[in-house]
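Reading through the structure tokens given below for one structure.
The values are calculated or read from the model by the stated rules, or taken from the named source; none is laboratory data. Only a predicted model underlies this, so the values are computations on that prediction, with no experimental measurement involved. Note that each Cβ is placed from the backbone with ideal geometry, even for glycine, and that neighbours are counted across all protein chains shown.
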Amino acid sequence: MEQLDICLQPTPSIDSDHPVIVKQARELSQGCANDTDKAVRLFYYVRDNCHYNMYDLSTDPDAYRSSRILEKGQGWCMPKAILLTSLCRAAGIPSRLILTSIRNHKSPPEAVEMMGTNVFFPHVYNHIYINGHWIKAAPTFDYDICERIGVPAVEFDGVHDAVLPQRDLGGGHYIEYLNDYGVFADVPWKLISEIGYKIYGDSMRSWFAR
């Protein structure tokens with residue numbers, strides 16, 4: 001029970017008590033019969049209304065507060081996961097962050113050139129507690145992007161895990177989950193910095209300097 005309580009509380013990044021977060025969660029939850037319905041509606045809101053932008057990086061920690069992300073309406077995987085966690089908590093549903101690294105076999109060439117690899121870290125998605133179970137949910141890529149690049153959009157029913165798929169719509173390699181670094185009630189900046197240096201070296205020193 002204590003662990004669930006932590007996953008309902010606001011944190012520096014997950015400011016689930018901020019008025020704009022509370023208002024959005026309340027509006028999205030209207031008419032929902034239970035937490036499953038709420039979580040599904042919140043998931044699809046973040047998946048499709050907070051548009052994916054992998055280049056929207058910032059060295060300002062305040063840029064990764066859920067209230068700022070909601071107002072901006074875009075972000076890469078971690079901001080989107082932060083926003084979904086915050087909306088879930090504001091709706092009374094325990095939620096936390098899963099920290100991983102992935103290999104994206106459909107990465108844009110310019111992104112691979114910039115990073116020197118098609119390994120993405122941090123990759124962050126959600127752990128949502130519904131009906132006595134923790135369920136994985138990755139709202140990373142909005143439907144329009146998935147349709148454009150020919151990959152399945154992640155669908156979430158509030159019952160089964162919903163993570164990024166291994167194959168694209170043509171059967172080719174897409175997402176490969178590499179390492180799982182655990183679950184967290186707030187963004188683990190220190191751990192992200194330590195692992196990030198090991199993967200990318202000095203090329204992203206300014207971003208990982210937390």
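Here are the numbers for the structure shown:
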| item | result |
| --- | --- |
| One residue from ARG65, ARG89, ARG96 being among the charged types (D, E, K, R) and over 15 Å from ILE21 (Cα atoms) | ARG96 |
| Residue list for segment 16-53, restricted to those being loosely packed, with under 15 Cβ neighbours inside 10 Å and outside any helix (DSSP H, G or I) | ASP17, GLN30, GLY31, ALA33, ASN34 |
| Matching residues, segment 159-170, being in contact with a Phe, Trp or Tyr (Cβ under 8 Å, 6 or more places away or on another chain) and not charged (D, E, K, R) | ALA162, VAL163, LEU164, PRO165, GLN166 |
| Hits in segment 130-152 (condition: more than 28 Å from GLY196 (Cβ to Cβ) and either in contact with a strand residue (DSSP E or B) (Cβ under 7 Å, 6 or more places away or on another chain) or among the small types (Gly, Ala, Ser) (or both)) | GLY132, GLY150 |
| Residue ranges of helices (runs of 4 or more DSSP H) in segment 94-210 with at least 2 members among the acidic types (Asp, Glu), farther than 30 Å from PRO10 by Cβ and more than 13 Å from the chain's Cα centre (by Cα) | 109-115, 143-149 |
| Failed item, numbered, when ASP62 is tested on (1) in a helix (DSSP H, G or I); (2) buried (at least 20 other Cβ atoms within 10 Å of the Cβ); (3) in contact with a Lys or Arg (Cβ under 8 Å, 6 or more places away or on another chain) | (2) |
| Condition check for MET114: under 23 Å from LYS198 (Cα atoms) and surrounded by fewer than 18 Cβ atoms within 10 Å (Cβ to Cβ) | yes |
| Among (1) surrounded by fewer than 17 Cβ atoms within 10 Å (Cβ to Cβ); (2) at pLDDT 95 or above - the single one PHE156 does not satisfy | (1) |
| Among the candidates ASP142, ASP186, ASP180, residue that is acidic (Asp, Glu), surrounded by 13 or more Cβ atoms within 10 Å (Cβ to Cβ) and in contact with a Leu (Cβ under 8 Å, 6 or more places away or on another chain) | ASP186 |
| Positions within segment 65-84 being among the aliphatic types (A, V, I, L, M), crowded, with 24+ Cβ neighbours inside 10 Å and under 15 Å from ASN126 (Cα atoms), in sequence order | ALA81, ILE82, LEU83, LEU84 |
| Tally of residues being over 27 Å from TYR129 (Cβ atoms) and out of contact with any Gly (no Cβ under 8 Å at 6 or more places or on another chain) across segment 140-175 | 11 |
| Conditions (1) at pLDDT 95 or above; (2) surrounded by fewer than 21 Cβ atoms within 10 Å (Cβ to Cβ); (3) assigned to a loop (DSSP other than H, G, I, E, B); (4) touching a strand residue (DSSP E or B) at 6+ places or on another chain (Cβ under 7 Å): number failed by ASP56 | (1) |
| Verdict on ILE192 being under 17 Å from THR85 (Cβ atoms), in contact with a helix residue (DSSP H, G or I) (Cβ under 6 Å, 6 or more places away or on another chain) and surrounded by 13 or more Cβ atoms within 10 Å (Cβ to Cβ) | no |
| Some residue of segment 30-37 being in contact with a helix residue (DSSP H, G or I) (Cβ under 7 Å, 6 or more places away or on another chain) and touching a residue at least 24 places away in the same chain (Cβ under 8 Å) | no |
